[in-house]
Structures are given as structure tokens and as C-alpha cells.
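Everything below concerns the one structure shown next.
The values are calculated or read from the model by the stated rules, or taken from the named source; none is laboratory data. No experiment lies behind these values; they were computed from the predicted model shown. Positions of Cβ are backbone-derived with ideal geometry, glycine not excepted, and every protein chain shown enters the neighbour counts.
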Amino acid sequence: MADYDSNRIIRGQAAEAGAIDAGLRAYMLRTYNYMMVGLALTGGTAWMTASTPGLLGLFFRPGVGGAVGLSLLGWAALIVPFIMVIVLSYRIQRMSLPAAQALFWAYAGLMGISLAPIFLIYTGAAIAQTFFITAATFGAMSLWGYTTRSDLTRFGSFLFMGLIGVVIASLVNLFIASSMMSWIISIVGVLVFTGLTAYDTQWIKNNYSASDDGTAIGRKAIFGALKLYLDFLNLFLMLLRLFGSRR
């Protein structure tokens, strides 16, 4: 009788673990799908904006020495996504799932508009090559973050400080326009966002709970997708600045 009860408990625990594993896989797949669709939307919007002179002229204007300047709408396309990130970060738990999805898609589309100049600055071959390098690096680090048994939270403070340093240095470099500082920022940025890819993947995995309902899982998947989207996009931009061939 005791053996029967023990076997029943073991089978029950195995079934529960299997259900959790299946739910976790579905949750991670949903997160990656959101991220990839967001990246596709950003890339498509950027290419369409750069390829349509009338649309491009609404957001950008010629700058000094062949640089690309921003119109009033261009500044809006640059600033509004930052506001959207803040809203998603702090208000997503109070949003309906359709509202969170709509805000994420709108964010990805506006980011595409703000990134349209890369198609004017860099060659198509450089953009494609950098994208595949980024995808390979991101995939390897995300897989490691998902499978490793090491606790990556101890690197969180270091990575966050590195991120803040990159943001502050980038803002300063907007005014001094130092090519050396830009190169250093890109190097540090590659290291920071490579590390954040693994860190965020593990955080997303650990944030899963089998007891969550469909809406809660959906919100978590969108927020996780936003984190991975930002890691991928920033890693791509840093690598493009380092290795991209300019027109």
C-alpha cells in the first residue's frame, strides 16, 4: 500500500513537472515570436520609410555635411518610443492584453521610422551582414541564458551600470561628436547587450509561473519580448557602427 501511494505521488509529480515544462516552452516560444514579429515590423517600416521619398521627407531633412537631420515629426518618432517603453514597463500589469499588444506593435513601428536613416548611411550588404552576425550572437547567448544553471542575477548590477554608462556617454557624444568616444561606446555597448541577452533570457524564464492565467502569461510574454527586442536592436546598432560599411 505504501509502495502504491509512493508510486502515485511520483507519477503525479512527474505529470506536474511535464505540464510546467510544456507551459514554459509555450511561454518562451510566445515571447520569441512577439520579439521576432516586432523586429520584422521595425525593419519593414524602416525600409519603407527610407525607400519612399515623400514619407522620408516628413520625418527627416538634409543636415550639414550630408548628415541626416530631424523634422518635428522626426523628433516625435524618436521621443515617443521612449515614453512607450516607460508605459509598458510600469503599466503593463494594469493593461488588457490587446492594449499591451497594440502598444508594443506601435512602439516597434515608430522605432522603424526613427531607424530609417541607417538605409541611407550604410550599404545594404553591411546591414544584412550585421543582422546575421547579431542574430547568431543573440541566439547563442539567449540559448546559454536559458540552459545555464548558473545564477546570472549577480551580474545584474554590473550590466545595469554598464547600460547607464552607455546611455550617458551616448548623450554626451551627441554634442561633442567624438569618433573615438563613439568607437568606445560601441565596444562597451556590444559587451553590455551581449550580457543582457543571457541575463534577460534567464529572467524571463524564471518569471514564468504555471499558476498564471492566460492574460498574465500574455502580459509577461510581451514584456519579455520587449526586453529581448531592445537587446537585439541595440546589439545590432552597436555592431553596425563598428563594422558597417558606409555609403
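Remarks
- Hits in region 227-247 (condition: of a type in the set (A, V, I, L, M, F, W, C) and in contact with a helix residue (DSSP H, G or I) (Cβ under 6 Å, 6 or more places away or on another chain)): 228, 232, 235, 236, 238, 239, 240, 242
- Residue check, residue 177 at positive phi, surrounded by fewer than 19 Cβ atoms within 10 Å (Cβ to Cβ) and out of contact with any helix residue (DSSP H, G or I) (no Cβ under 7 Å at 6 or more places or on another chain): yes
- Within region 140-174, tally of residues that are in a helix (DSSP H, G or I), within 16 Å of residue 204 (Cβ to Cβ) and touching a helix residue (DSSP H, G or I) at 6+ places or on another chain (Cβ under 9 Å): 11
- Any chance residue 79 is buried (at least 17 other Cβ atoms within 10 Å of the Cβ), hydrophobic (A, V, I, L, M, F, W, C) and either farther than 12 Å from residue 219 by Cα or at pLDDT 90 or above (or both): no
- Test: residue 218 is modelled with pLDDT under 95 and farther than 23 Å from residue 39 by Cβ: no
- Close Cβ contacts (under 8 Å, 6 or more residues apart or on different chains) running from residues in region 194-205 that are in contact (Cβ under 8 Å) with a residue 12 or more places away in the chain to residues that are part of a helix (DSSP H, G or I) and of a type in the set (Asp, Glu) comprise 196/231; 197/231; 200/231.
- Any hit, region 35-55, residues being over 16 Å from the mean Cα position of the chain (by Cα) and under 21 Å from residue 224 (Cβ atoms): no
- Some residue of region 22-34 being closer than 25 Å to residue 230 by Cα and at pLDDT below 90: yes
- So residue 228, is it surrounded by 14 or more Cβ atoms within 10 Å (Cβ to Cβ) and on the phi < 0 side of the Ramachandran plot: yes
- Among the residues of region 168-227, those that are of a type in the set (Ser, Thr, Tyr) and over 30 Å from residue 25 (Cβ atoms) comprise 170, 178, 179, 182, 186.
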